[in-house]
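Okay, so here's the structure we're looking at.
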Amino acid sequence: MAFNELLLQLGGVGRFQWAQFTLVVLPMLLMASHNTIQNFTAAIPSHHCRPPPSANLSGDSVEAEELWAWLPRDEQGRPESCRRFTSPQRGPHWPNGTGLNRANATEACLDGWLYDHSTFPSTIVTEWDLVCSHKVLRHLGQSLYMLGVLVGASLFGNLADRLGRRKILIWVYLQTAVSGTCCAFSSNLSTYCVFRFLIGASLAGMALNTITLNTEWMPIHTRATVAALVGYAYSIGQFVLAGCAYAVPHWRWLQLLTSLPFFIFFLYSWFFIESARWHASTGRLDLTLQALKKVAWINGKQEEGEKLNIEALQIKLHKEMTLGKSRHTTLDLVRLPTLRCLFCCLSLMWFATSFAYYGLVMDLQYFGTNIYLTQVIFGVVDLPAKLIGFLITNYIGRRPAQMASLLLAGISILVNALVPKDWGITRTSLAVLGKGCLASSFNCAFLYTGELYPTVIRQTGLGMGSMMARVGSIMSPLVNMTGEFYPALPSLIYGAVPIAGGVVTFFLPETLNMPLPESVEDLKARSHRKKEKEEAEEQTIPLQTLGKNGLQG
């Protein structure tokens with residue numbers, strides 16, 4: 001509680017907190033863009049085989065007639081995407097795939113494809129022909145991006161506890177800017193995938209440290225508000241992506257547009273003030289004092305700042321200095337009993353949220369055929385869901401908010417599996433409810449996890465949680481394969497996992513209005529006090545019962 005008192009003494013939520021919060025959160029607008037940018041940069045437009053060079057196409061009407069002569073039709077009468085006739089079939093058109101249209105021999109698209117550029121002038125699909133037999137390569141860039149997020153969450157989470165939050169943010173802004181720019185100028189798919197991996201790794205580090213740096217500079221009563229505002233920044237970023245993609249449909253320019261601003265973020269990030277909590281946890285009271293005096297000056301509390309000195313900090317932060325000297329690694333999350341329970345419960349919570357979220361998003365295609373409108377709807381759904389989640393988190397508690405969002409999401413998915421497919425409005429409503437709950441769960445998970453882990457290992461714990469979320473997002477598409485055995489099985493799995501995550505959340509402690517733990521010893525002390533309180537309550541009940549019986553006698 002000593003550090004929270006210091007923050008209140010220096011202005012609480014003053015000019016510094018709002019200024020740094022705004023500058024740290026701004027990059028989150030474009031993080032959402034990079035997460036789902038392949039919805040546009042890897043979009044698949046309508047396409048069909050290119051006729052052989054011997055076709056001698058010339059003139060609009062002649063070209064159209066000659067082109068149709070080479071293209072077989074599917075059962076709906078549309079030209080097939082991946083086959084062409086071995087020789088032109090001139091004459092009247094045969095609708096519905098009947099007649100000679102189906103009888104004549106066909107072959108693969110040996111001379112490439114022709115694409116409809118009316119919606120997407122250029123994508124990685126049209127540029128590198130990632131269709132038909134090469135269609136699976138289209139997902140390679142996004143898969144490696146998610147793998148990068150998985151690696152970056154663990155790597156940068158650990159490094160932030162050792163090197164500080166500010167240094168990691170400076171680095172990941174630069175890495176995102178350079179990797180994103182290089183990605184826009186990639187000459188082949190392999191190079192593109194490498195840079196997508198690097199972008200994913202850097203954005204994972206950015207997300208973790210954005211939450212932590214802001215949380216550690218805010219008083220206790222504002223932490224839920226901070227987490228909610230960061231979540232809203234991500235949601236607004238989905239609108240930003242829709243607008244940018246509509247205005248700049250060429251994939252290279254869109255990739256460049258969402259990457260160049262990170263050079264600006266990199267430049268102004270040098271002015272961030274490192275977390276004084278982190279300085280104190282590493283034993284650097286001189287840097288802690290320097291940071292606190294800067295904050296006091298910015299907040300207009302120079303007199304309060306002048307009262308601070310090394311001796312005063314040693315008295316106020318004696319506990320943090322004494323208990324925060326030990327170094328912790330990722331292995332401590334499973335080695336130490338106090339952290340092991342937190343790690344197991346939080347890992348399942350993160351996994352369940354991400355697993356169900358990506359599983360549900362893949363079933364929301366009936367929102368409409370317009371990809372830009374769909375992107376906007378996905379963002380709109382998050383806004384009321386996160387507001388309700390914030391109110392529950394801030395006034396009732398973190399644990400009830402996390403439990404309710406996961407349980408309600410799981411129930412809505414399970415009910416949706418039982419609803420007939422022709423009940424479109426009902427299915428859509430349940431899908432929207434589920435996605436909104438999972439978006440709220442993500443918002444709460446960052447705050448709740450950051451408040452449960454002590455400062456000395458907070459970033460490592462957040463990194464492992466984010467890594468488990470990436471494991472969930474990678475495993476989620478595999479569940480769809482179970483639909484071949486039983487059509488409703490994927491939905492049953494997608495619904496059961498978040499329910500399990502909600503049940504496990506029950507065993508986590510509440511953190512509403514509680515000071516951030518600075519060390520593992522703080523967690524042990526908190527747990528010990530809780531047990532003593534429960535034992536005292538158990539002893540009080542029999543005494544009260546005995547007193548009532550005595551009065552009755």
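Can THR428 be described as of a type in the set (Ser, Thr, Tyr), touching a Pro at 6+ places or on another chain (Cβ under 8 Å) and assigned to a helix (DSSP H, G or I)? Here the answer is no, as THR428 does not meet what is asked.
The set of residues from the range 326-373 being of a type in the set (S, T, N, Q), over 19 Å from LYS435 (Cα atoms), assigned to a helix (DSSP H, G or I) and modelled with pLDDT under 85 comprises just one member, THR338. When residues in the range 1-20 are screened for being of a type outside the set (Phe, Trp, Tyr), in a helix (DSSP H, G or I) and open to solvent by less than 60 Å² (accessible area, probe 1.4 Å), 8 of them pass. Checked against (1) under 15 Å from ALA401 (Cβ atoms); (2) modelled with pLDDT under 85, ALA445 meets all criteria but (2). Checked against the criterion of being modelled with pLDDT under 85 and farther than 22 Å from VAL456 by Cα, the range 210-226 contains one or more residues that satisfy it. Beta carbons closer than 6 Å, at least 6 apart along the sequence or on distinct chains, pair a first residue in the range 286-297 that is within 17 Å of ALA2 (Cβ to Cβ) with a second that is among the aromatic types (Phe, Trp, Tyr) for VAL295/PHE16. Return yes or no: is SER143 outside any helix (DSSP H, G or I) and open to solvent by 10 Å² or more (accessible area, probe 1.4 Å)? It is false that SER143 is outside any helix (DSSP H, G or I) and open to solvent by 10 Å² or more (accessible area, probe 1.4 Å). Against the list (1) modelled with pLDDT of 85 or more; (2) under 22 Å from the mean Cα position of the chain (by Cα), the condition LEU414 fails is (2). Is it the case that the range 475-489 has a residue that's in contact with a Ser or Thr (Cβ under 8 Å, 6 or more places away or on another chain), of a type outside the set (Phe, Trp, Tyr) and over 16 Å from VAL361 (Cα atoms)? Yes, the range 475-489 contains at least one residue that is in contact with a Ser or Thr (Cβ under 8 Å, 6 or more places away or on another chain), of a type outside the set (Phe, Trp, Tyr) and over 16 Å from VAL361 (Cα atoms). The set of residues from the range 123-167 being closer than 17 Å to ARG50 by Cα and of a type in the set (Ser, Thr, Tyr) comprises THR126, SER133.
In the range 260-307, the residue that is most open to solvent (accessible area, probe 1.4 Å) out of those that are modelled with pLDDT of 85 or more and among the charged types (D, E, K, R) is LYS294. Just one of (1) part of a helix (DSSP H, G or I); (2) open to solvent by 20 Å² or more (accessible area, probe 1.4 Å) fails for LYS421. It is (1).
Going by the conditions given, is THR449 open to solvent by 40 Å² or more (accessible area, probe 1.4 Å), in a helix (DSSP H, G or I) and either touching a Pro at 6+ places or on another chain (Cβ under 9 Å) or in contact (Cβ under 8 Å) with a residue 60 or more places away in the chain (or both)? So THR449 fails the test. Comparison of ARG162, ARG138 shows that the only residue that is basic (Lys, Arg) and either farther than 26 Å from ARG252 by Cα or not in a helix (DSSP H, G or I) (or both) is ARG162. Being open to solvent by 10 Å² or more (accessible area, probe 1.4 Å) and at negative phi holds for only one residue in LEU130, LEU189, and it is LEU189. Among the residues of the range 261-268, are any among the hydroxyl-bearing types (Ser, Thr, Tyr) and over 18 Å from THR176 (Cβ atoms)? Checked against the condition, which is being among the hydroxyl-bearing types (Ser, Thr, Tyr) and over 18 Å from THR176 (Cβ atoms), the range 261-268 yields no hits at all. Applying the condition of being touching a residue at least 24 places away in the same chain (Cβ under 8 Å) and open to solvent by 20 Å² or more (accessible area, probe 1.4 Å) to the range 195-221 and asking which residue is farthest from VAL471 (Cα to Cα) yields HIS221.
The values are calculated or read from the model by the stated rules, or taken from the named source; none is laboratory data. Just so we're clear, the structure is a prediction, and the values are computed from it rather than from any experiment. A quick note on method: Cβ atoms are made from the backbone with ideal geometry, for glycine too, and the neighbour counts reach across all protein chains shown. Keep in mind that these areas ignore ligands, DNA and RNA; they rest on the heavy atoms of the full protein, side chains included. Shrake-Rupley method; radii C 1.70, N 1.55, O 1.52, S 1.80 Å.
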